[in-house]
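Novice: I am attaching a structure below and will ask some questions about it afterwards.
The values are calculated or read from the model by the stated rules, or taken from the named source; none is laboratory data. The structure displayed is predicted, hence computed values, not measured ones. In this analysis, Cβ positions are derived from the backbone assuming ideal geometry, glycine residues included, and neighbour counts consider all displayed protein chains.
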Amino acid sequence: MTIQHTKTGGASRRELLLSGAVFAVASAVGATLSIETAQAEVQPPAVPVPPSPNWARAMPPAPDTRVKITEEYARHVGRDAYFWAWAMVNIYNRRLAFTPLKEPAIAGSLPQPPLNVVTMLTDYVDPAERAVACPNQDVVYGVASLALDISPVVVQVPDFGDRFWVYQAVDLRTDSFVQIGKMYGSTPGFYLLVGPDWQGEVPKGITQVFRSPSNTGFIAPRIFLDDTPEDKKAIQGVLTEVMTYPVAEYDGKMKSIDWANIPKLPAPPQGEAETRWVFPEKFVDELPIVLADAPPLPGEEARYAQVLAVVAAAKDDPKLKQAMIEGATEAEEKLVTPLFQFRNYGQQLPHNWSTISNEAAFGADYYTRTAVAKSNILVNSPNETKYFYQDLDADGQRLNSSNRYTVTFAKDATPPVNGFWSLSIYNEHHFFVANSINRFSVGTKNKDLKSNPDGSLTIYVQAEEPSDPVQRANWLPAPKGDFSLYVRAYWPKAEILEGSWTPPGVQLA
């Protein structure tokens, strides 16, 4: 059975509500019939129960747009909608930023991809980048903004051999909709990403098709790189075939591009914090476009109808629009901004670490989705990568460069992974800060870490360079002021996914 996705711009709110009710009833009846079929061998067939004669009223009617509403109510709706739509507006505005680009380029240290075309780096991300918070220096990144309403996108996968790799693709909600990577046993070849309404013919030679719930999204290949000159040279050949492009350019042959020689542009202006992508003053105008691209999830129909009714009223009433903007501004200051701090959300673990278990599958978990989008957007699915966040030491005090810390993994107790693990360090803005040894994370990629006599591994987190050569080998330089630590476990083993392994405490030295 094929379910067509209907855009909000093409149907009335009443029709959307009723279609949601029909879908819910159809799903319930389908489930009932499946159960009956399974039981048919052990008992006589049951008489089908007809749907309620009032099934059409299963969803409430949409708001009456003829009714006068107050500025306080508009402010309330603006505040609420701003919070739960924050991640969607973020991804939408990243698409707008890339729309004018015509060819892949590097601006300063940042990839500049045209829509639907991945642009790859050729080394670790530059520590000076400020476009995406919490970058990692364990992989070579690629990025592209998806515009599947313009064209389906071919994803080209070369033969990575034994090297770890994963391609992340998320929809407008930052939920993953693909499974392409080493942990999936994905083979070299071609994969196709299509939008919710695409009904074209799949070209010959495509291995698998993935359908996005929205036309706008984001894709980010990650390819593991050892921190050695030899591996940085060895990876260059396979990187040339990491590409995405519109389906019209597909001919069944592997394409390549020398990413090291794409155009170089001046660095865009950037401050200390992450580039801003969501603005309360633009929110009211952008919201109808964003919601049209991400139709309501089951159960969200009434939420969408409420918000769009107030937006429609605000279009003709400047006072209502201003009230919505004021509500959005309040949400930014009091709700969204505090979620930049890892200690303010997540599942609480021993030693003040935290984590989440629904990354890239947030659904209607608006709180976690917005928190992750604010603090470290574009996280992988849990089976691809597990993340552990830390702002505090084992005694609950804020991590700060005025102190020295140790993180000791017991013998055979580094993060259990099939891929790789790392411990990264970020400043108060969740970015890297240049240091004397150009090191921003330690883990699998480092070949010179020194174990203790008992087989344990101690990482020394401090601003000053240790005088002891063993400590120097395991030194993770701390940036000035407050900072955060961050464990990544790529392709985690069951102990991590089930929660029996968690990181050790950050101890004062």
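Novice: Test residue 349 against the stated conditions and say whether it is buried (at least 18 other Cβ atoms within 10 Å of the Cβ), outside the structural domain of residue 116 (by TED's automatic domain parsing) and either touching a Lys or Arg at 6+ places or on another chain (Cβ under 6 Å) or among the aliphatic types (A, V, I, L, M) (or both).
Specialist: No; evaluated as a whole, the condition is false for this residue.
Novice: Okay, moving on. Return yes or no: is residue 125 over 24 Å from residue 192 (Cα atoms) and at pLDDT below 95?
Specialist: No.
Novice: Within region 149-175, how many residues turn out to be more than 20 Å from residue 189 (Cβ to Cβ) and of a type outside the set (Ser, Thr, Tyr)?
Specialist: Adding up the residues that qualify gives 7.
Novice: Could I ask something else about it? Please verify whether region 480-501 includes one or more residues that are touching a helix residue (DSSP H, G or I) at 6+ places or on another chain (Cβ under 6 Å) and free of Cβ contacts under 8 Å to residues at least 40 places away in the same chain.
Specialist: Looking through region 480-501, none of the residues is touching a helix residue (DSSP H, G or I) at 6+ places or on another chain (Cβ under 6 Å) and free of Cβ contacts under 8 Å to residues at least 40 places away in the same chain.
Novice: Among the residues in region 406-413, are any closer than 27 Å to residue 128 by Cβ and either part of a loop (DSSP other than H, G, I, E, B) or among the β-branched types (Val, Ile, Thr) (or both)?
Specialist: yes
Novice: How many residues does region 61-87 contain that are within 20 Å of residue 295 (Cβ to Cβ), modelled with pLDDT of 95 or more and either of a type in the set (Gly, Ala, Ser) or not assigned by TED's automatic domain parsing to the domain that holds residue 294 (or both)?
Specialist: 3
Novice: A further question follows. Just for region 330-356: of the residues that are of a type in the set (Phe, Trp, Tyr) and part of a helix (DSSP H, G or I), which one is nearest to residue 389 (Cα to Cα)?
Specialist: Only one residue fits best here, namely 342.
Novice: Also, quick follow-up: Among the residues in region 197-210, are any buried (at least 19 other Cβ atoms within 10 Å of the Cβ), part of a loop (DSSP other than H, G, I, E, B), at positive phi and in contact (Cβ under 8 Å) with a residue 24 or more places away in the chain?
Specialist: No: zero hits.
Novice: Is at least one residue of region 442-465 more than 19 Å from residue 141 (Cα to Cα), part of a helix (DSSP H, G or I) and out of contact with any strand residue (DSSP E or B) (no Cβ under 6 Å at 6 or more places or on another chain)?
Specialist: no
Novice: Something else: Looking for whichever is of a type outside the set (Ser, Thr, Tyr) and not in a helix (DSSP H, G or I) here; the options are 232, 253. Which one fits?
Specialist: None of the other options fit; the residue is 253.
Novice: Okay, next question. Tell me, please, whether a residue that is under 30 Å from the mean Cα position of the chain (by Cα) and in a helix (DSSP H, G or I) can be found in region 471-489.
Specialist: For region 471-489, residues under 30 Å from the mean Cα position of the chain (by Cα) and in a helix (DSSP H, G or I): absent.
Novice: Tally the residues that are exposed (fewer than 14 other Cβ atoms within 10 Å of the Cβ) and either more than 21 Å from the chain's Cα centre (by Cα) or closer than 29 Å to residue 240 by Cα (or both), restricting the search to region 258-292.
Specialist: 14
Novice: Also: Do we find that residue 368 is surrounded by fewer than 21 Cβ atoms within 10 Å (Cβ to Cβ) and either in a strand (DSSP E or B) or outside the structural domain of residue 450 (by TED's automatic domain parsing) (or both) in this structure?
Specialist: No; evaluated as a whole, the condition is false for this residue.
Novice: Checking residue 103 against (1) within 30 Å of residue 487 (Cα to Cα); (2) modelled with pLDDT of 95 or more, only one condition comes out false. Which one?
Specialist: (1)
Novice: Let me ask something else. Looking only at residues in region 318-363 that are of a type in the set (Val, Ile, Thr) and over 17 Å from the mean Cα position of the chain (by Cα), which one is farthest from residue 308 (Cα to Cα)?
Specialist: My answer is 337.
Novice: Applying the selection to region 414-441, what residues are outside any loop (DSSP other than H, G, I, E, B) and either of a type in the set (S, T, N, Q) or touching a helix residue (DSSP H, G or I) at 6+ places or on another chain (Cβ under 6 Å) (or both)?
Specialist: Answer for region 414-441, where residues must be outside any loop (DSSP other than H, G, I, E, B) and either of a type in the set (S, T, N, Q) or touching a helix residue (DSSP H, G or I) at 6+ places or on another chain (Cβ under 6 Å) (or both): 418, 422, 424, 427, 441.
Novice: Related question: Within region 230-246, identify whether any single residue is touching a Phe, Trp or Tyr at 6+ places or on another chain (Cβ under 7 Å) and polar (S, T, N, Q), and answer yes or no.
Specialist: yes
Novice: Output the residues belonging to region 455-509 that are among the aliphatic types (A, V, I, L, M), surrounded by 20 or more Cβ atoms within 10 Å (Cβ to Cβ) and closer than 18 Å to residue 227 by Cα.
Specialist: Hits for region 455-509 are 459, 476, 487, 489.
Novice: Would you be able to say whether some residue in region 417-434 is among the aliphatic types (A, V, I, L, M), closer than 28 Å to residue 142 by Cα, without any contact (Cβ under 8 Å) to a residue 60 or more places away in the chain and not assigned by TED's automatic domain parsing to the domain that holds residue 303?
Specialist: No, the conditions are met nowhere in region 417-434.
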